[in-house]
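Asks: Have a look at this one before I ask anything.
All of the numbers you see were taken from the coordinates with simple rules; none came from a lab. Just so it is clear, the structure is predicted and the values come from calculations on it, not from any experiment. All Cβ positions, glycine included, derive from the backbone under ideal geometry; neighbour counts span all protein chains shown.
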Amino acid sequence: MGRISESLLQDILAKTNFISLYQDKMRLTRKGGKWWGLCPFHAEKTPSFSVDDQRGLFYCFGCQKGGSIIDFLMETDKLGFFEAVEELAERADIKIPAHEGTWNERDDKEELERSSLLGLNEKLASTFHWLLMNHETGKEAKEILLRRGIPETAIKRFSLGYAPADITWLHRFLTGKGYSPEFLARTGLFASRNPRFPLFADRIIFPIVDQRGRYIAFGGRLIRGDGPKYINSPDTL
């Protein structure tokens, strides 16, 4: 059973002009280190759709939809994973070898699960960061970071965040966004014995990214109370 090798995918993405591709679908304006535009996934009058031109990731602060350039093509053009990669390869003038082109229904299901996990992590990273920077619940965590000499520029650059102390919040928040309890139980973000109990509560969050800049896991530092000082979520990708 063939797959797109990681090295080939890296080559394709390295030769992809992310902004040009996004701008084929929408109008973007550069502001504050990112590109912004009206979200193509919901109606809005004020731009809340952001694009990272270095990593090709997108995130909408209005509808909380986010992911990679591949996810974007899959969503806007109604493509499967392999079809989206083929589209990028064609634009990058890269030929996909025949032995890498074999794909079946099982692969699509696995890739859909993987894409969903990446999308969830992207949304959570943005939400944790917003809570740290803008919400009263994250005020103490932000003050701790600043007192330890971590400037706000670094907090923003590395998308540091905060997971609320309320142990019921994360499951309620994600199921409210349409994620099923069965899917959430497979994310590694909840205790195996109690799938509603979050791995992170009252912790400063450090997103973990791969070489392509995708959020693949999280690290969390305890602010107070008992328990391990540092924990990491499992890499389910």
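Asks: For a quick check, take a GNM of the chain with Cα springs below 10 Å and name the residue from 68, 192, 50 with the largest mean-square fluctuation.
Replies: 192
Asks: Calculate the FRET efficiency for residue 144 and residue 93 from the Cβ-Cβ distance with a Förster distance of 45 Å, rounded to the nearest 0.05. Let's see the in-between values first.
Replies: On the way: r = 49 Å, r/R0 = 1.09.
Efficiency, rounded to the nearest 0.05: 0.35.
Asks: Each residue of the stretch 185-196 in order: what ³J(HN,Hα) in whole Hz does its phi give by Karplus 6.51 cos²θ - 1.76 cosθ + 1.60, θ = phi - 60°, with x for Gly and Pro?
Replies: 5, 9, 7, x, 8, 10, 5, 5, 7, 9, x, 9
Asks: How long is the gain from residue 167 to residue 63 if the chain were fully straight, where each residue apart is worth 0.36 nm and the alpha carbon distance is subtracted?
Replies: Values: separation 104, 0.36 × 104 = 37.44 nm, distance 2.39 nm.
Gain on extension, residue 167 to residue 63, equals 35.0 nm.
Asks: Show me the helices of the chain, taken as full DSSP H stretches, that run 15 Å or more along their long axis by Cα and average 1.6 or above in Kyte-Doolittle hydropathy. Mind showing how you got there, number by number?
Replies: On the way: long enough: 81-91 (16 Å, -0.12); 105-134 (43 Å, -0.76).
Answer set is empty.
Asks: Given q = 0.08 Å⁻¹, what are the Debye log10 I(q)/I(0) values for the chain, with equal point scatterers placed on the Cα positions and solvent ignored?
Replies: These q points yield log10 I(q)/I(0) values of -0.33.
Asks: Within 10 Å of each residue's Cβ, count the other Cβ atoms and sort 221, 203, 147, 172 from fewest upward. Walk me through the numbers on the way to the answer.
Replies: Values: 221 17, 203 26, 147 8, 172 11.
Ordered by Cβ neighbours within 10 Å, fewest first: 147, 172, 221, 203.
Asks: Give me the extension gain from residue 114 to residue 175: residue separation times 0.36 nm, minus the current Cα-Cα distance, reported in nm with one decimal. The partial results should precede the final answer.
Replies: Working: separation 61, 0.36 × 61 = 21.96 nm, distance 1.83 nm.
Residue separation times 0.36 nm, minus the Cα-Cα distance, leaves 20.1 nm.
Asks: State the answer as a single residue: which of 7, 209, 161 lies farthest towards the positive end of the charge dipole of the chain, with beta carbon charges of +1 for Lys and Arg and -1 for Asp and Glu, about the Cα centre.
Replies: Of the options given, the answer is 161.
Asks: Moving on. When only C-alpha pairs under 8 Å and at least 6 residues apart count, what is the relative contact order of the chain, in percent? Each step should come with its number before you reach the end.
Replies: On the way: 320 pairs, mean separation 33.0, N = 237.
Relative contact order of the chain: 14 percent.
Asks: If the only charges are +1 at each Lys and Arg Cβ and -1 at each Asp and Glu Cβ, what is the size of the charge dipole of the stretch 109-232 around the Cα centre, to the nearest 20 debye? Before the final figure, lay out the partial values.
Replies: Details: 20 positive and 13 negative charges, 37 e Å.
Using only the charged Cβ atoms, the result is roughly 180 debye.
Asks: On a 30 Å Cα-Cα criterion, which of the cross-link pairs 34/229; 156/229; 78/177; 34/78; 31/142; 65/229 come out too long? Spell out each step's value before the answer.
Replies: Numbers: 34/229 34 Å; 156/229 23 Å; 78/177 21 Å; 34/78 26 Å; 31/142 24 Å; 65/229 32 Å.
Beyond 30 Å between Cα atoms: 34/229; 65/229.
Asks: Just to confirm a number: summing +1 for Lys and Arg and -1 for Asp and Glu over residues other than residue 171 whose beta-carbon lies under 12 angstrom from that of residue 171, what do you get? Spell out each step's value before the answer.
Replies: Working: positive: 172, 177, 196; negative: 166.
Every neighbour counted, the sum reads +2.
Asks: While we're looking at this one, here's another question. If you place +1 on the Cβ of every Lys and Arg, -1 on the Cβ of every Asp and Glu, and leave all else neutral, what size is the dipole of the stretch 1-101 about its Cα centre, to the nearest 20 Debye? Before the final figure, lay out each step's value.
Replies: Details: 13 positive and 15 negative charges, 108 e Å.
Computed charge dipole of the stretch 1-101: roughly 520 debye.
Asks: A further question on this structure: Picking from 166, 202, 24, which is most flexible by a Gaussian network model of the chain using Cα springs under 10 Å?
Replies: 24
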